[in-house]
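*Asks:* What follows is a single structure, and I will ask about it in a moment.
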Amino acid sequence: MLKESGQHLVIYNTLSRKKEDFEPINPPNVGMYVCGPTVYSDVHLGNCRTFISFDLIYRYLLHLGYKVRYVRNITDAGHLEGDNDEGEDKFAKKAKLEQLEPMEIVQKYTLGFHEILRIFNTLPPSIEPTATGHIVEQIEMIKEILASGYAYEINGTVYFDVEKYSKDHDYGILTNRKLEDLLEGTRELGGQDEKRGRLDFALWIKAKPETLMKWPSPWGWGFPGWHIECSAMSTKYLGTTFDIHGGGMDLQATHHTNEIAQSEACNNAAPAKYWVHTNMLTVNGARMSKTAGNGFLPKELFTGDHPLLERGYSPMTVRFFMAQSHYRSTLDFSNEALQAAEKGYKKLMESIARLQKLEPSDTSSVNIAEIRGNCYAAMNDDFNSPVLISHLFEAVRIINSVADKKESLTATDIELLKSLMQTFVFDVLGLLDESDANAGGEVINGLMELILDIRKSARENKDWTTSDKIRDKLKAAGVEIKDTKDGVEWRV
Ligand code: AMP
Ligand code: ZN
């Protein structure tokens with residue numbers, strides 16, 4: 001099955017807290033579910049890190065010959081501001097702020113998300129289901145959890161009964177914590193609380209008169225809680241137990257813990273064999289997040305228009321920067337790290353261009369098959385992209401020294417090296433050659449479209465400072481823009 005690698009893929013499972021042999025339930029099929037974005041605002045670079053990490057995993061599984069059904073949801077309902085099923089609905093709040101319908105907010109930020117991921121050259125998932133498109137499935141699942149006795153209804157809201165569930169199951173299994181410890185970390189219930197237990201969470205929430213996004217249910221008008229959408233949609237498209245469930249590490253303690261409880265209560269089965277969690281992108285050591293306000297938008301990174309940025313960086317520099325750290329390690333953002341990544345990325349691309357022109361010899365002085373084996377070994381070791389990159393740089397060293405006639409390669413080995421670089425640099429790491437007229441042209445066109453869109457909105461809002469700044473910065477980068485009656489023209 002593991003095409004060409006001749007080795008066994010080992011994957012780290014959060015649940016077992018150790019690396020294990022990766023044996024999907026039903027090879028060659030792999031079901032993978034990844035928690036997608038909450039589309040009430042732009043995705044920041046931290047979100048992108050998680051989606052780019054899973055793109056690498058998806059690409060490598062495809063390369064190995066697995067038939068992967070990759071489901072990544074869009075959260076477009078049921079997200080309240082507070083962690084405790086309280087506070088204003090994030091979509092409704094944004095809709096009021098931007099004077100749009102909640103579904104216009106959803107559409108706007110879903111399109112923005114797709115555009116950014118396209119610029120980062122990620123592959124689209126096989127299915128991208130939305131919470132609002134699966135209300136019926138969520139209601140059905142809640143009915144079954146109620147029937148199993150692990151949930152209760154109070155005044156139109158349905159809660160999951162964590163203490164009752166814990167009597168028969170290990171609720172803290174994913175984070176390896178005991179119920180008592182979890183209870184200790186939660187505030188006492190007050191007189192206003194209607195739920196029975198401190199850890200109980202809402203499966204369905206009764207609508208208030210002002211609630212904009214609501215649906216009829218057996219418990220009256222309301223909307224689903226935050227966690228049930230992923231359980232309902234993963235079960236629908238991947239079955240009761242599937243292979244890999246992923247998301248950022250921040251989802252482990254609550255969202256994924258509750259997903260496991262919901263699936264166990266409804267289906268009597270654990271939802272996933274493997275839990276894969278990506279670590280956080282940090283800025284000066286603090287997690288990048290929408291609420292902390294330290295999140296750069298990818299477009300700010302490309303244009304350099306942010307106080308923390310010395311200048312702009314290209315999408316492939318950023319993708320390479322991310323691949324240089326393992327998905328389970330934190331990755332701290334800094335200008336120095338991005339500049340080093342830019343150098344590394346350029347060096348890699350230049351050597352691939354040199355590789356096309358290498359002259360073959362009668363004998364090889366280096367063993368390319370060994371480097372190839374090392375590349376597979378790195379990726380088979382829990383998708384270890386930084387180690388893979390170190391082996392690719394060994395290939396870069398060889399290419400340069402063969403070009404400088406210090407070492408030699410046969411025609412067969414040159415072909416092997418070409419195929420190795422194609423496989424790992426382009427197919428698996430998902431990099432594009434930005435200097436290549438076709439690939440680069442596509443990326444630059446996408447970027448220019450994005451930048452001119454921002455400028456257009458700035459002008460519509462009479463924000464002349466931003467619009468002038470964009471024009472000046474583009475000019476400094478060698479791009480001239482001209483406003484015509486048919487729109488904006490640009491040229492390098
Ligand atoms: P959200 O739109 O906030 O629900 O997040 C979408 C995805 O991005 C989730 O899988 C999160 O775990 C992940 N995520 C959020 N912040 C970060 C970060 N700073 N670094 C990496 N992943 C993140
Ligand atoms: Zn989820």
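The values are calculated or read from the model by the stated rules, or taken from the named source; none is laboratory data. As the structure is a computational prediction, the values presented were derived from the model and not from experiment. As a convention, Cβ positions derive from the backbone with ideal geometry for all residues, glycine included, and neighbour counts pool all protein chains shown. Accessible surface is based on the protein model in full, side chains and every heavy atom, while ligands, DNA and RNA are left aside. Shrake-Rupley method; radii C 1.70, N 1.55, O 1.52, S 1.80 Å.
*Asks:* Could you count how many residues in segment 285-337 are free of Cβ contacts under 8 Å to residues at least 60 places away in the same chain and in contact with a His (Cβ under 8 Å, 6 or more places away or on another chain)?
*Replies:* 1
*Asks:* Which residues, taken from segment 315-361, are within 19 Å of ILE52 (Cβ to Cβ) and part of a loop (DSSP other than H, G, I, E, B)?
*Replies:* Within segment 315-361, GLN324, SER325, HIS326, TYR327, ARG328, SER329, THR330, SER334 meet the criteria.
*Asks:* Can I ask one more? Testing LEU355 on (1) within 15 Å of the chain's Cα centre (by Cα); (2) buried (at least 19 other Cβ atoms within 10 Å of the Cβ), one condition comes back false. Which one is that?
*Replies:* Unmet condition: (1).
*Asks:* Let me ask you something else. Quick check: anything in segment 51-69 aromatic (Phe, Trp, Tyr) and within 26 Å of ALA286 (Cβ to Cβ)?
*Replies:* yes
Yes/no matrix, rows are residues, columns are (1) of a type in the set (A, V, I, L, M, F, W, C); (2) at pLDDT 95 or above; (3) away from ligand 1 (no atom under 16 Å from the Cβ):
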{"position": "ILE173", "(1), (2), (3)": "yes, yes, yes"}
{"position": "GLU184", "(1), (2), (3)": "no, no, yes"}
{"position": "ARG198", "(1), (2), (3)": "no, no, yes"}
{"position": "TRP215", "(1), (2), (3)": "yes, yes, yes"}
{"position": "ILE228", "(1), (2), (3)": "yes, yes, no"}
{"position": "ASN258", "(1), (2), (3)": "no, yes, no"}
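*Asks:* Specify the residue that is most open to solvent (accessible area, probe 1.4 Å); the eligible residues are those in segment 47-73 that are within 16 Å of ligand 2 (Cβ to nearest atom) and assigned to a helix (DSSP H, G or I).
*Replies:* My answer is ASN47.
*Asks:* To continue, here is another question. What pairs can you find where one residue is in segment 375-403 and within 16 Å of THR423 (Cβ to Cβ), the other is of a type in the set (Phe, Trp, Tyr) and assigned to a helix (DSSP H, G or I), and their Cβ atoms are less than 8 Å apart, with a gap of 6+ or different chains?
*Replies:* Close Cβ pairs satisfying both conditions: CYS375/PHE424; MET379/TYR60; MET379/PHE424; PHE383/TYR60; LEU388/PHE424; LEU392/PHE424.
*Asks:* Is it true that some residue in segment 216-232 is within 30 Å of TYR58 (Cα to Cα) and among the aliphatic types (A, V, I, L, M)?
*Replies:* Yes, segment 216-232 contains at least one residue that is within 30 Å of TYR58 (Cα to Cα) and among the aliphatic types (A, V, I, L, M).
*Asks:* Looking at THR240, is it under 30 Å from GLU23 (Cβ atoms), open to solvent by 10 Å² or more (accessible area, probe 1.4 Å) and away from ligand 2 (no atom under 16 Å from the Cβ)?
*Replies:* For THR240, the condition - under 30 Å from GLU23 (Cβ atoms), open to solvent by 10 Å² or more (accessible area, probe 1.4 Å) and away from ligand 2 (no atom under 16 Å from the Cβ) - is met.
*Asks:* In addition: Quickly run through segment 21-35 and pick out the residues that are away from ligand 2 (no atom under 16 Å from the Cβ) and either in a loop (DSSP other than H, G, I, E, B) or surrounded by fewer than 21 Cβ atoms within 10 Å (Cβ to Cβ) (or both).
*Replies:* Hits for segment 21-35 are ASP21, PHE22, GLU23, PRO24, ILE25, ASN26, PRO27, PRO28, ASN29.
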